[in-house]
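Take a look at the structure below.
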Amino acid sequence: MSEDAFDYISKIDPRMWSRHAFRNYSCSDILTNNTAECFNAWILEARDKPILGCMELIRRQLMGRFNQKRARAETSKNEICPKIVKKLERNKSLARNYICHWSNRLQFEVNHSHEPRRIVDLGRRTCGCGRWQLNGIPCPHAVSAIYFHRQVPEKYVSQWYFMDTFRKSYAPDIYPIPSTYNEWPVDHDVEPILPPIPKKTKRSCRQPDNPNKKIWPKKVVKAKPNNETEGGSQYAGEPTTTFDNRGLISQPVGISGSQAGGQFNAGSHFGQDRATQ
């Protein structure tokens with residue numbers, strides 16, 4: 001054995017790594033951490049999620065597991081758990097090789113040709129080898145003494161391995177939890193938060209306020225020449241008449257109002273005819 005390994009293991013409490021220092025109350029002789037490794041593999045999907053999602057998935061898995069264990073326990077007809085029955089049957093077959101001597105009412109001396117002598121006390125449920133106290137299952141020495149005392153080994157199995165205890169372990173229910181996303185309390189004293197005011201954008205001049213409204217295009221009409229002028233000469237600048245969207249005539253450009261009234265009578269009548277259409 002390596003001296004470094006000895007120094008390292010000596011600093012650790014023997015109750016953590018040696019069976020001889022284990023407590024007898026738990027009735028377990030498991031030395032490795034296989035239980036924790038199995039649980040970590042079982043929640044492998046939930047471990048990658050955030051804390052709330054992880055706990056929710058583990059709760060749902062445990063809820064289903066508890067229900068399955070209860071269903072199996074209700075249909076079982078055995079008094080002891082099946083795996084413990086297999087271990088006890090193996091110890092029964094090994095007990096044939098031991099010779100038992102009755103010491104007093106509940107104490108026995110068990111001998112074997114290739115093993116040291118063991119003392120079995122059925123009243124205290126102890127054996128010199130320590131296996132019976134450690135795992136709660138009668139060892140081959142104890143089974144030999146039980147048979148010599150004309151008893152049944154199943155009665156000396158620890159209470160933790162009975163189906164009644166198994167049913168009590170999975171009796172508590174894990175209740176389903178409803179969703180609370182739409183059930184948050186509403187504070188009526190707080191004013192509702194309004195949406196933000198949108199920014200005003202520049203509208204195009206081609207886009208009217210009322211899209212159904214017709215827009216009459218502006219037309220420019222040139223003034224006719226004065227009939228009194230020979231040769232049909234026109235005024236300088238060619239005054240024009242403009243019609244708005246409603247078809248009404250506006251004041252000509254380049255002449256006064258009196259001239260517009262006398263010289264552009266025809267244009268006015270044309271505008272009026274346009275408006276009445």
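The values are calculated or read from the model by the stated rules, or taken from the named source; none is laboratory data. Predicted model only: the values in this text are computed from it and were never measured. Please note: Cβ atoms are built from the backbone with ideal geometry, for glycine as well, and neighbour counts cover all protein chains shown.
A few notes on this one:
- Taken together, the residues in the range 99-124 that are under 16 Å from ARG150 (Cα atoms) and assigned to a loop (DSSP other than H, G, I, E, B) amount to 6.
- Some residue of the range 20-30 being assigned to a helix (DSSP H, G or I) and closer than 30 Å to CYS139 by Cβ: yes
- Some residue of the range 72-80 being under 27 Å from ILE146 (Cβ atoms), in contact (Cβ under 8 Å) with a residue 40 or more places away in the chain, touching a strand residue (DSSP E or B) at 6+ places or on another chain (Cβ under 8 Å) and of a type in the set (Asp, Glu): yes
- Exactly one residue out of ILE30, ILE43, ILE119 is free of Cβ contacts under 8 Å to residues at least 40 places away in the same chain, among the β-branched types (Val, Ile, Thr) and more than 30 Å from PRO153 (Cα to Cα): that is ILE43.
- Test: ARG96 is more than 20 Å from SER158 (Cα to Cα), among the basic types (Lys, Arg) and not in a helix (DSSP H, G or I): no
- Hits in the range 89-142 (condition: among the hydrophobic types (A, V, I, L, M, F, W, C) and surrounded by fewer than 18 Cβ atoms within 10 Å (Cβ to Cβ)): LEU94, ILE99, TRP102, LEU106, ILE119
- For the range 1-31, a tally of residues being of a type in the set (Val, Ile, Thr) and modelled with pLDDT under 80 returns 1.
- Count of the range 38-93 residues which are of a type in the set (A, V, I, L, M, F, W, C), farther than 22 Å from TYR161 by Cβ and assigned to a loop (DSSP other than H, G, I, E, B): 1
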